[in-house]
Amino acid sequence: MFLINCPFCGEREQSEFKAGGEAHIVRPKQPTELSDDEWAEYLFMRKNIKGIQFERWNHIHGCRKWFNMIRDTSNDQIKAVYKMGEKPPVK
Amino acid sequence: MPNNLRFKTSKFIDETYRVSFKFNNKIYFGFKGDTLASALLANGIHLVGRSFKYHRPRGIMTSGSEEPNAIIQLHDNSSRTEPNVRATEVEIYEGLVASSQNCWPSVNFDIGGINNLLSPILPAGFYYKTFMWPASFWEKYEYFIRKSAGLGKSPKVADPDIYEHKYIHCDVLVIGAGISGIMAAKMAAKNGFKTLLVDEKSYLGGSSIYDNSEFSKINNQITSSWLEKEINEISKLENLEIKTRTSVAAFHGYNFLLARENLTDHLPINQRENKVRQRLLKIRAKKVITATGSIERPLIFDNNDRPGILLSSAIKRYIDLYGVACGENNILFTNNDTAYETAMSLIQRGIKINAIIDNREQIDSKISYEVEKNNIKIYKGYTVVDTYGYRRINRISIMKLSKDGQTVIGDKTKLNCDCLGVSGGWTPAVHLFTQSGGKLKFREEDQVFIPNVYPSDQISIGSCNGDFGLEEIIKNTLTSIKKFLDIDNSEYKTVETISGLNQSKRNIWLLPSDKSIGKTKSFVDYQNDATAKDIKLALREGFRSIEHVKRYTTTGMGTDQGKLGNMHALGIISETAGTKMGEHGTTTFRPPYTPLTFGTIVGRNVGKFFDIFRRTPIHDWHVANNAEFENVGQWKRAWYYPKDNENMHQAVQRESKAARDSAGILDASTLGKIDIQGTDASEFLNRVYTNAWSKLAVGKCRYGLMLNEDGMVYDDGVTTRLGENHYIMTTTTGGAANVLGKLEDYLQTEWPELDVYLSSVTDHFATISVCGPYSKKIVSKVIPDLDLSDEKFPHMSFKNAKINNIKCRVMRISFTGEHSYEINIQANFGKSVWEKCMEAGKDFNITPYGTETMHLLRAEKGFIIVGQDTDATLTPIDLQMDWIVSKKKYDFIGKRSLYRSDTIREDRKQLVGLLTENPEEVLEEGAQIVADIKKSPIEMLGHVTSSYYSPNLKKSIALGVVKGGKNMLGQKLIIPMENKNINVTVADPVFLDKEGERLNAKL
Ligand SMILES: [Zn+2]
C-alpha cells in the first residue's frame, strides 16, 4: 500500500485516495468542432505504460483535492506529486 | 513417557508443570514449553500424518514454520477447530486436542495408502491428463478426488474467538530476533529510533539462544550466555517494543507490513474467555530490517520422506531447547558442517550416533575432528541411496559418490537407525524480501539466492542475507546497520567471535541412486508429494519456466509454499535443462508467509460490523413500525411496512393504492444533497446538466440529468435555486458520493476559473415526502403559516418555512406523479416532524410507504431509476428523454458524444413500456426480450428493467430496453421463460396520467 504525499495534507495511506487515470488530458474547449475520431481520442485513448506514468489522484477521504502524480508503474515508486495546473517537476 | 527420550537439561521446559493433551484420541503428557511436535517426539511418536497424493506415512520433519508434514487438525468437532496447523508451531496447553489429517480410517492404517502402490500411474499432471476426459465424467471424478484429497476440515459453526486489527507506526521494524535481529534492534533503539522487534517464536534469540556449543563463542562466552545478556539489556530499552509469537505475514510496498500476533493460542481454552485471540498488526515502518534467518535444506534422495527423517537442525533444537531426543540410534546425513553441531549436541547427552554420512570427500573443521574423536564413524564422499521402514525409518543403504557426484559406485552398505538427520546446507529466508519487490541474485559458491536490489528503505542482515558464519553475521550486521541507520555509535565496541565450523559444502541437488530415476521417490515437495521424477517429467514435456513447472507438478503449491524444496526444484530444473540457476526464474513467494486464520483477516468486522451501514434520522420509527429494510448504497432504507400478516406484495399494493387515493409518506433522507454556492453556480449547472439552468428563477426547482463524457446517463435529481448564487442539488441515493467527486473533479481540473463551492449536506437534513390528494391538507396542518395555494406555491417551487420555530425548506416536487411536498429539516428534528405528519394525516389514511412502493409509483409514471433502468450504456435519447437535452447550449458534459456514429444508431437499445397480454402476468426483471423464438440462435433484443403489478391501473406494467424500441410502439414481442413464452406489447413508458393532472389533484 502506497504512502502518498498529498500536496495539501502531507503523507497519508493509499486507502484515503482514489486514482483518476492519466493526467494532462485537457478537455477540448470546443468539442462540437471535433470529428468523431478527434473526440474519441480525448474520450477513450489512454496510455498504459510500464515505467514512468503521469496520473491523477484524488484525496477523496481527506481534503478532496485532485492532484497529479508521477509514478513508475514497474516498481510503484512515486517520483513526484504536484498540484493541478502546475508543470510536472520532472520529465 | 519413555524417559530415555527426555533429557532434564533444558531451561525452556518447565518440568514442574505437566500438561496433558489428546492426539488421535489418545492421551499423552508433555511439559509447559513444549510444542505439540516436541511433546509427541518425547512420547516416541513420529508418524503424524499422511501425504497429500500418495498417502505415504509422514513424520515431523522440522521444528518451525517451514514444516511440510506435521499438519494437523486442532480441536476437531468443536467451534474452535482449525485445519492445516503446523504441530511444530503449536505450544501445548492443558486440554489440547489434535488429530491427523488426510487419512482414513486412521494414520496407522490408511486406505488412501493404496495410492502409493498406484504411484507409477499417478505422475505429475495426472489429474490434468486423466480426469479432464471425457468432460462429462468430471462430476464422477470430482466426488472421489475430493473424498480422498482433502486436507483439513473447516469449522462448521461461528468462531467464538475475538480478533482485532491494530496499526503500528515505527521508525524501525526488525523482523526476527536471532543474533543479528537483537543486535540491530539494540543499535536502533539506543540511537533514538522508535523500534519494533517481532519474532514468530515464543522466545527471543532464534537458534543461537540454545547454542551452548564450545565451538562458537562471542567475546569468549558461550553464544547462548552472551545472547541472554543482550536480551536482558534490550528488554529494558524504552524505545523498543518487543512482540513474540508475532509472525510477519506480508511485506508490501512502501514498508507496509502485516503481522499476526498470537495472544491466547498457547493458553488453556478456559483462560481464553473474553481475550483477543489474534491481532493483525498493520505496520508502517520508516525503515525495515529483515533478519528472518535461514531454513535448512533437506537432501533429495530415494525415499527421503519416511517418519524419523528430520532436518539435522531440528534434531538439535529438539534436544537443546526441549530436551527431547528424536531417536535412540541416530544417523546424520549431510553435505556441510551443520550436522556436526547436531552431532556434538547428541554426543554431549550420550545419545547414540551410528554414523555420519557426508557427501564431502574432505572435511576440515575443528568441530568435525571433535566428532571423529568421539569414535563416530564418518562415511566421507558417501550418499544415502535408499531408506527402509514403513511407519518409521529403520535402515538406510549408502553408496560411494563418484568424483563428479552424478553417480554412485562400489558396494551398497546397510546401516540401522531409527532417526536420520539430514542437512543440505541453508537457504536464506528471503520470502518477505521478495514479497516487498526485492530482486535476488544467485551466489555460485554456495548455491544460494541472496537479496540484491532493495525496493524500499530496508535491509536484510544475518543468514537471510547469506551470512552463515558467526563471525560474518556479527561483523556484517554491525557495519551494515551503522550505514543503514547512519549512526556512528554501534553500541558494540569489540566483538570477538570463535567458530569451529567452516562453510565448505558439496552441493548436489538430486543425489544419485543405483536405481533408474523412474524407480525412485525422491521428494522435493513433501506436502504435495512432488518428486524429482515429476520435475524431470515436466521438463521432458516441454515446461521450462519455474512458474509453469510449479503448477504442473504442484511443487511449492502447498500451505508451506515449498519452504524446504523450492531451491531443489530450481536446482534440478537447471541441472536437467543444462542452464544457469535463476535463468528459469525464481518462484514468487506470496503473502502470507504462514497461513492466517480468517478471523485474523476479518478482525472485528464481523456480524453487524461486517459492513458499515447508514441510518436515516427516522430509522427508529421505521423499526418500531415493522418496516422491512433494503440496502441502498450503504443506507438501510425502509422497503415496505407489512401490516398484520401481509406479505411484501400485499403491503406494496396497499401502500401504492393509498399514496394515490389518499396520502403516502416516504423517508427520502437518503437522497444525496449537495449545496452549491458561488457567483458561477448557474454556469456550472449549465455545464454539468443536459438542460439549461440560467433562467431558473430563485425559488424554483428543476429536474436535471447528468451524463458522462461518453454521453451515457450518470445520475439525475431535482435541483432548487435557493438564492441568486445558491443551489441545492439532489442526487440518487447510491450516486451521491460519486456525483460530488465528479463535480469536484471538473471544478478543480477543467474549470478552476469558476467561482463555485460544493459541500455534501446529505446527512444534515431529514427529507420527508408527503404525497397524494390529501397531502396539501396534511402539510397545511403541519406548517399552518405556509400558503399552499397553487398560485403562491406551484409545482416545482420551493419555500422557506418554520415548524415550531425550526427552519425548514419545503419543495413541491414529485417522484410519484401525485400532488406532493418534500419537507427538508435539520436532521435531528426529522423524526419528530415525521411523527407530526403522521398525526396530521391520521384522518386522511396517511400511509408510510417504502422504496418498493416508490419504485412502483414512479414506474406507473414512466420515471426512470438511474442504475435500474439504465446501466451506463443508455443516452437520454435512448431513454426517450430528448426533451431534457438542450439544443441551444453550446456545451455540457457528454454533449459531443450524443452524436457520435455509435450513439445515433437507430437500432440502439431504447427504453419502452411493456404490457403483458394477460394483465395479471407480472414479468421478471432481467428477463430477455425477443421477437422471433423460432430463429436459431434466438436474437436477444433487450431485457426487462422494471416490472410491477399496478394496483392503480389494475394491470401488470413493465419498463424495458429494446433494440430500436422507439419505433416499435404497438408491436408484439415475446419474453421466453423457463416454462412458457409471455406475449407482450410495446407501449408508451408513461402508463398513468400522461397529462400530469394529478400533480395538482387534491381532496
Ligand atoms: Zn489532502
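Spin-label model, A:F8/B:E920: points 7 Å from Cα along the beta carbon direction are separated by 6.1 nm.
Compared with the dominant principal axis of the Cα atoms in chain B, helix B:338-348 is inclined by about 60°. Taking 13 Å as the cut-off, the amide N atoms of region B:899-927 that come nearer than this to a point 7 Å along the Cα-to-beta-carbon line of B:M977 belong to B:916-927.
What does the extension gain come out to for B:K377 and B:R395, with contour length at 0.36 nm per residue minus their alpha carbon separation? Mind showing how you got there, number by number?
On the way: separation 18, 0.36 × 18 = 6.48 nm, distance 1.61 nm.
Taking 0.36 nm per residue and subtracting the Cα distance, the gain is 4.9 nm.
FRET efficiency for the pair B:N270 and B:N631, taken as 1/(1 + (r/R0)^6) with r the Cβ-Cβ distance and R0 = 56 Å, rounds to 0.90.
Based on the mean of other Cβ atoms within 10 Å per residue, sort peptides B:449-461, B:267-279, B:315-327 so the most packed one is first.
On the way: B:449-461: 19.4, B:267-279: 14.6, B:315-327: 25.6.
Most protected by this proxy first, the peptides run B:315-327, B:449-461, B:267-279.
Backbone N atoms of region B:798-821 closer than 15 Å to the 7 Å Cα→Cβ label point of B:D785 belong to residues B:799-810. Isolated cysteines in chain A, defined as those with no second cysteine Cβ under 4.7 Å, comprise A:C63. Between the alpha-carbon centres of region B:362-420 and region A:1-65 there is a gap of 65 Å.
Of interest is the spacing of the C-alpha centroids, which for region B:231-260 and region B:913-937 amounts to 63 Å.
Kindly work out what percent of the DSSP beta bridges joining two residues of the protein assembly as shown are antiparallel, to the nearest 5. Percentage antiparallel, nearest 5: 75.
Counting alpha carbon pairs within less than 8 Å and at least 6 residues apart, what relative contact order, in whole percent, applies to chain B?
Numbers: 2318 pairs, mean separation 87.6, N = 1003.
Once normalised by length, the contact order is 9 percent.
Per-peptide packing, taken as the mean over residues of other Cβ atoms within 10 Å, places B:483-495, B:562-574, B:465-477 in the sequence B:562-574, B:465-477, B:483-495 from highest down. Cβ-Cβ distance of B:Q362 and B:H548, R₀ of 45 Å, FRET efficiency by 1/(1 + (r/R0)^6): the value works out to about 0.70.
With an a/c value of 1.5 or above and a/b not larger than b/c for the gyration tensor axes a ≥ b ≥ c computed over the alpha-carbon atoms, region B:307-424 is described as oblate. Cβ crowding within 10 Å, taken as a proxy for footprinting-reagent exposure, orders B:S656, B:S345, B:S662 from fewest neighbours to most as B:S662, B:S345, B:S656. Here the dipole of chain B is about 1340 debye; that uses its Cα centre as origin and unit charges on the Cβ of Lys and Arg (positive) and Asp and Glu (negative).
Rounded to the nearest 10 degrees, the inclination of helix B:851-860 to the longest alpha-carbon principal axis of chain B is 50 degrees.
Taking label positions 7 Å along the Cα-Cβ direction at both B:V761 and B:Q650, the computed distance is 4.3 nm, reported to one decimal. Compared with the dominant principal axis of the Cα atoms in chain B, helix B:830-840 is inclined by about 40°.
How long is the gain from B:K580 to B:K156 if the chain were fully straight, where each residue apart is worth 0.36 nm and the alpha carbon distance is subtracted?
Values: separation 424, 0.36 × 424 = 152.64 nm, distance 4.87 nm.
Roughly 147.8 nm would be gained on extension.
Ignore the peptide's own chain and count Cβ atoms of other chains within 10 Å of each Cβ in B:742-750; give me the average, rounded. Don't skip to the end; give the middle numbers.
Working: counts 0, 0, 5, 6, 2, 1, 9, 12, 4.
Mean partner shielding for this stretch: 4.
At a Cα cut-off below 20 Å, give the aspartates and glutamates reachable from B:K519, other chains included and same-chain residues fewer than 8 away excluded. Straight-line reach from B:K519, under 20 Å: B:D302, B:D305, B:D386, B:D411, B:D529, B:D534, B:E541, B:E575.
Using the Karplus relation 6.51 cos²θ - 1.76 cosθ + 1.60 with θ = phi - 60°, the per-residue 3J(HN,Hα) values for region A:74-82 come to 7, 9, 6, 6, 8, 7, 6, 10, 7 Hz, with x marking Gly and Pro.
3J(HN,Hα) couplings calculated from phi for region B:415-432 with the Karplus curve 6.51 cos²θ - 1.76 cosθ + 1.60 (θ = phi - 60°) are, in sequence order, 10, 8, 6, 10, 7, 10, x, 10, 9, x, x, 10, 10, x, 7, 9, 3, 5 Hz; Gly and Pro show x. Partner aspartates and glutamates whose Cα lies under 19 Å from the Cα of A:K83, excluding those fewer than 8 positions away in the same chain, are identified as A:E11, A:E13, A:E16, A:E22, A:E55, A:D72, B:E744, B:D745, B:E750, B:E753, B:D755. If the chain linking B:R349 and B:F610 were pulled fully straight, counting 0.36 nm for each residue of separation and taking away their Cα-Cα distance, it would gain 88.5 nm. Between B:Q406 and B:T588, what's the calculated FRET efficiency when r is the beta-carbon distance and R0 is 30 Å? Round to 0.05. Calculated transfer efficiency: 0.45.
Cross-linked pairs B:K166/B:K286; B:K186/B:K366; A:K47/B:K895; B:K316/B:K505; B:K673/B:K955: Cα-Cα separations exceed 28 Å for B:K186/B:K366; B:K673/B:K955.
Computed as a quarter of the hull surface, the mean projected area of the alpha carbon convex hull for chain B stands at 50.4 nm². Taking the charge dipole of the protein assembly as shown about its Cα centre, with +1 at Lys and Arg Cβ atoms and -1 at Asp and Glu Cβ atoms, the residue from B:A325, B:F523, B:S760 reaching farthest to the positive side is B:A325.
Listed by chain and number, the aspartates and glutamates whose C-alpha is less than 13 Å from the C-alpha of B:K194, apart from same-chain residues fewer than 8 away, are B:D171, B:E238, B:E241.
Label separation (A:M84 vs B:I498): 7.2 nm, computed from points 7 Å beyond Cα along the C-beta direction. Neighbour counting of Cβ atoms within 10 Å sorts the residues B:I182, B:I234, fewest neighbours leading, into B:I234, B:I182.
Coordinate-derived values only; no laboratory data. What you see is a predicted model, and the numbers here were worked out from it, not measured in a lab. We place every Cβ from the backbone using ideal geometry, glycine too, and count neighbours over all the protein chains shown.
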